[in-house]
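Here is the structure we will look at, set down as structure tokens.
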Ligand SMILES: [Zn+2]
């Protein structure tokens, strides 16, 4: 079984073009071709014609038993209404997590303005995914997206589970420490390349991930994700296939950890 816990249905070619149904069709086709059983779609911190809102994404995927939504939230524009809107989606199971975008927006995860977000995550027992590491735009501010900042929020909210996205690349050492130290922190391996891996970069990243597991990050804390369509599903599957790790760990990373964290043994989208 393969679960891709980090995909998008944003139109990265042209944000002004409404394309949610075409993107979902494309996602389903790539999932079939790569034998991906379940995908989690992360919505953005901003809504444009090419970046569908959480509500639009939930409605467009409601009939699909293999696609679930992780609700992107904006720090700058967060309103109590945004969180209220999510409650029925969380209750019915169409939304399985929350996502924050430090770096793309200027804030640290521990900011008290986000306490209601963490309270909601705790109440529905869904993880909070945190963009970490490089921003794909020079206008991002990477001091906010360093994975070290997930430590403080994880300590202050011990009942909330956090996911450091992209293994915090390039600050993978910091991610290792924060995941190792905090029982409630996980990491996903998505978005390490734009498109396909080149041989040299692939072996460099493979070494780093193997090192992370040697360092003491338990394989049950690592999640498979691609960041599709930014990274290709094909090259990611090959990448994980070639990791020198026990088969039991590979199964955990590819699916079992995500099943537990996002409660995917229950695929219902109904109260
Ligand atoms: Zn992403």
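No value in this document is a laboratory result; all are computed from the given coordinates. For clarity, every value in this text was computed on a predicted model and none was experimentally measured. We place every Cβ from the backbone using ideal geometry, glycine too, and count neighbours over all the protein chains shown.
So for 165, 23, fewest C-beta neighbours within 10 Å to most, what's the order?
Lowest to highest Cβ neighbour count: 23, 165.
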task: Please work out the C-alpha center-to-center distance from region 153-211 to region 1-67 and express it in whole Å.
output: 23 Å
query: Once label points are set 7 Å from the Cα along Cα→Cβ at both residue 25 and residue 200, what is their separation, rounded to one decimal in nm?
result: 4.1 nm
query: Between residue 235 and residue 218, 0.36 nm times their residue separation minus their Cα-Cα distance comes to what?
result: 3.7 nm
- request: Two decimals is fine: what is log10 I(q)/I(0) at q = 0.13, 0.19, 0.20 Å⁻¹ for region 1-108, from a Debye sum with one equal scatterer on every Cα and no solvent?
  value: -0.47, -0.98, -1.08
- prompt: Exposure proxy check: 7, 248 ranked by fewest other beta carbons within 10 Å?
  reply: 248, 7
statement: Length gained, residue 33-residue 251, 0.36 nm per residue minus C-alpha separation, equals 76.5 nm
query: Hey, what number do you get for the chain at 222 nm if only DSSP H runs of n ≥ 4 count, each worth -39500 (n - 2.57), divided across all residues, to the nearest 500?
result: -10500 deg cm²/dmol
field: Reference-scaled alpha-carbon Rg (2.2 N^0.38 Å with N residues) for region 3-261
entry: 0.93
- prompt: Taking the Cβ-Cβ separation of residue 159 and residue 55 as r and a Förster radius of 22 Å, what is the calculated FRET efficiency to the nearest 0.05?
  reply: 0.20
- request: Please identify which residues in region 39-75 have an amide N closer than 12 Å to a label point set 7 Å out from the Cα of residue 92, following the Cα→Cβ vector.
  value: 55-64
query: What FRET efficiency, computed as 1/(1 + (r/R0)^6) with R0 = 25 Å and r the Cβ-Cβ distance, is obtained for residue 152 and residue 76, rounded to the nearest 0.05?
result: 0.75
- prompt: By per-residue mean of other Cβ atoms within 10 Å, what is the highest-first order of 125-132, 207-214, 147-154?
  reply: 125-132, 147-154, 207-214
query: Given 0.36 nm per residue, what is the gain on full extension from residue 173 to residue 244 after removing their alpha carbon distance, in nm?
result: 23.6 nm
Viscosity 1.567 mPa s, temperature 4 °C, Stokes-Einstein D of region 115-271 from Kirkwood C-alpha radius, µm²/s: 80 µm²/s
